[in-house]
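Remarks on the structure that follows.
The values are calculated or read from the model by the stated rules, or taken from the named source; none is laboratory data. Fair warning: this is a prediction, and the values are worked out from it, not measured in the lab. Please note: Cβ atoms are built from the backbone with ideal geometry, for glycine as well, and neighbour counts cover all protein chains shown.
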Amino acid sequence: MNDDLPQIPIPDIDWTAISPILIVAGVALVGVLVEAFCPRAPRFVVQTVLAAAGTVAAGVAAIWVYTDLEELAGPVAGLGGPTGDDAIAVDGPGVITWIMLTLFALLSIGLFADRRLEAGVSAFTGRAADAPGSAGEAEANRLKVEHTEVYPLAMFALFGMMIFATSNDLLTMFIALEVLSLPLYLLCGLARRRRLLSQEAALKYFLLGAFSSVFFLYGAALAYGYAGTFSLAGIDQAVTSRGSAEPLLLAAIALMAVGLLFKIGAVPFHAWTPDVYQGAPTPVTAFMAAGTKAAAFIALMRVLFVAFGGASWDWRPSIWVVAAITMIFGSLVAIAQTDVKRMLAYSSVAHAGFLLVGVSGGFVSGDGERLDSLSSVLFYLVAYGLASIGAFAVVMLVRDAGGEATHLSRWAGLGKESPFLAGSFAIFMLSFAGIPLTAGFVGKLSVFTAAFSGGFWPLVVVGVLTSAVAAYFYVRVIVLMFFTEAASDGPTVAVGGTMTTVVIVIAAVGTVALGILPGPLLELVQNAGAFVR
């Protein structure tokens, strides 16, 4: 061996701190082996149990890591610290996001596993390679072939989401972005019914997603050219030491913001949202709506607050404008929708705007961190994720002979047909609208309070007014379900499997519980601290 060669340092990795990520990655890899070697007959059950058990184990590990953050602290006591050669930041907000993501993934796996809605098979196509309407597809349906690869794909997406939310440098963040996105592109095209619409959604999501990833990567390259490092803390040092913003820095912030705002579905980067939400299999839509938005928002805040916090007066006005336009556009366009899934998609756009209000606002502490906004956004993401998964679970069960009856006219009289489904959906709609005694009310109140405390009251006024507009189309659905007579060929409410019913109950109870007793969760997110630097 030549001793003159430079020695590559061994990265210092705290395996205990990143154990939740490792568990999810391990489950995803084992799921691939199950696909290769497990007989087809028991494969669906094996994959379901494996994914659910792995997600629970990752969630428990994340809770354990959170309780031991002081022992895992590193340089910043009580908050955690970077690990993996500073590639991953194990801090309070990041670990809480891990817990949130595992909860959303577990509920989504329950929807993936429902086999009673399609005569004993799941909602995913039997063989994706078969052309829609072909003899091969008919044969796969007749033989009840199932696409069990959806479970390892979902676990790989969860793995990417968890890293994305805790990435401490731009290269790790970009890789995590691709790891979470690529499985979702595939999952969107695997619907058993309306396959052409599903494949169109997958293609649109892939093309636009790849385009937005290039923007993020180009922005990361410019940030490296400006700071000489991909580290978020290193970029922050370069920004604060130079004082004034330079064109290279502004271009980096703008291009990276495009990639991140695409993932959260903010205007004008929202065009994929209604088509993908409508065309994707509904369990996948629920998983995306809750998980992707949570991971992307925490990643966005980490980039803006940690890397570019010193240039906040340069990017903050743009975030204000995007937040206002997103709230207004999403709320107004949702009124015109006649398809429930598209209405929920534009609702998601509007909620992205409300969350951006939290990103924009909040007081500034001594080290430049917005503690108010971070805790309010974390609470809002939990409230929105529960209601969103619950709403899409109800959509799965309102069916007619052609499958899911997503046209609003088919929901007339649902309150008489199934009081449980209509009542649960009403709870989720009221939470979306921000009505008191629901989690959505506390979430909106927290982000508006954070913005108001920072002096950004015009944005709060816009948020309150658009919330009033948005309440119209939420209440309209409730009126349709309970106070409108059903047509003679009204919706046939399918008897869902046990797992789907459990998911709806958990989401509804969680939505009401967080609205009546928000204190424990508010205390948890407020004690999470700031992003580690």
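Considering only the stretch 506-531, how many residues are part of a helix (DSSP H, G or I), in contact (Cβ under 8 Å) with a residue 24 or more places away in the chain, within 14 Å of VAL377 (Cα to Cα) and of a type outside the set (Val, Ile, Thr)?
4
From TRP272, TRP313, grab the single residue that is among the aromatic types (Phe, Trp, Tyr), without any contact (Cβ under 8 Å) to a residue 12 or more places away in the chain and either on the phi > 0 side of the Ramachandran plot or surrounded by fewer than 24 Cβ atoms within 10 Å (Cβ to Cβ) (or both).
On the way: TRP272 fails: without any contact (Cβ under 8 Å) to a residue 12 or more places away in the chain.
That would be TRP313, the only listed residue that is among the aromatic types (Phe, Trp, Tyr), without any contact (Cβ under 8 Å) to a residue 12 or more places away in the chain and either on the phi > 0 side of the Ramachandran plot or surrounded by fewer than 24 Cβ atoms within 10 Å (Cβ to Cβ) (or both).
Tell me, which residue of the stretch 53-80 that is crowded, with 21+ Cβ neighbours inside 10 Å and not in a helix (DSSP H, G or I) is modelled with the highest pLDDT?
LEU69
Considering ALA307, ALA289, which residue is buried (at least 24 other Cβ atoms within 10 Å of the Cβ), hydrophobic (A, V, I, L, M, F, W, C) and more than 13 Å from the chain's Cα centre (by Cα)?
On the way: ALA289 fails: more than 13 Å from the chain's Cα centre (by Cα).
The conditions single out ALA307.
Would you confirm whether or not the stretch 198-209 contains a residue that is out of contact with any Ser or Thr (no Cβ under 6 Å at 6 or more places or on another chain), more than 20 Å from PHE269 (Cα to Cα) and assigned to a helix (DSSP H, G or I)?
Yes - at least one qualifying residue is present in the stretch 198-209.
Are there any helices (runs of 4 or more DSSP H) wholly within the stretch 253-339 with 2 or more residues that are touching a strand residue (DSSP E or B) at 6+ places or on another chain (Cβ under 9 Å) and closer than 26 Å to PRO93 by Cα, and if so which? Steps first, please.
Numbers: elements: 272-279, 282-287, 293-302, 312-335.
In the stretch 253-339, 293-302 are the helices (runs of 4 or more DSSP H) which contain 2 or more residues that are touching a strand residue (DSSP E or B) at 6+ places or on another chain (Cβ under 9 Å) and closer than 26 Å to PRO93 by Cα.
Quick one: in the stretch 172-208, which of the residues that are of a type outside the set (A, V, I, L, M) and more than 30 Å from ARG115 (Cβ to Cβ) is farthest from the chain's Cα centre (by Cα)?
Here the residue is THR172.
When residues of the stretch 404-421 are filtered for being among the small types (Gly, Ala, Ser) and out of contact with any strand residue (DSSP E or B) (no Cβ under 9 Å at 6 or more places or on another chain), how many remain?
4
Looking for something out of contact with any His (no Cβ under 8 Å at 6 or more places or on another chain) and aromatic (Phe, Trp, Tyr) - is there at least one such residue anywhere in the stretch 323-333?
Narrowing the stretch 323-333 to residues out of contact with any His (no Cβ under 8 Å at 6 or more places or on another chain): 323-325, 327-328, 331-333.
In the following step, the residues that additionally are aromatic (Phe, Trp, Tyr) were identified as none.
No - not one qualifying residue is present in the stretch 323-333.
Among the residues of the stretch 124-177, what is the count of those that are modelled with pLDDT of 75 or more and part of a loop (DSSP other than H, G, I, E, B)?
Qualifying residue count for the region: 6.
Being out of contact with any Ser or Thr (no Cβ under 7 Å at 6 or more places or on another chain) and without any contact (Cβ under 8 Å) to a residue 60 or more places away in the chain, is that true of even one residue in the stretch 277-299?
Checking the stretch 277-299: not a single residue is out of contact with any Ser or Thr (no Cβ under 7 Å at 6 or more places or on another chain) and without any contact (Cβ under 8 Å) to a residue 60 or more places away in the chain.
Would you check which residues across the stretch 6-33 are in contact with a helix residue (DSSP H, G or I) (Cβ under 8 Å, 6 or more places away or on another chain) and surrounded by 21 or more Cβ atoms within 10 Å (Cβ to Cβ) and list them?
Once the filter is applied, which keeps residues that are in contact with a helix residue (DSSP H, G or I) (Cβ under 8 Å, 6 or more places away or on another chain) and surrounded by 21 or more Cβ atoms within 10 Å (Cβ to Cβ), the stretch 6-33 yields ALA17, PRO20, ILE21, ILE23, VAL24, ALA25, VAL27, ALA28, GLY31.
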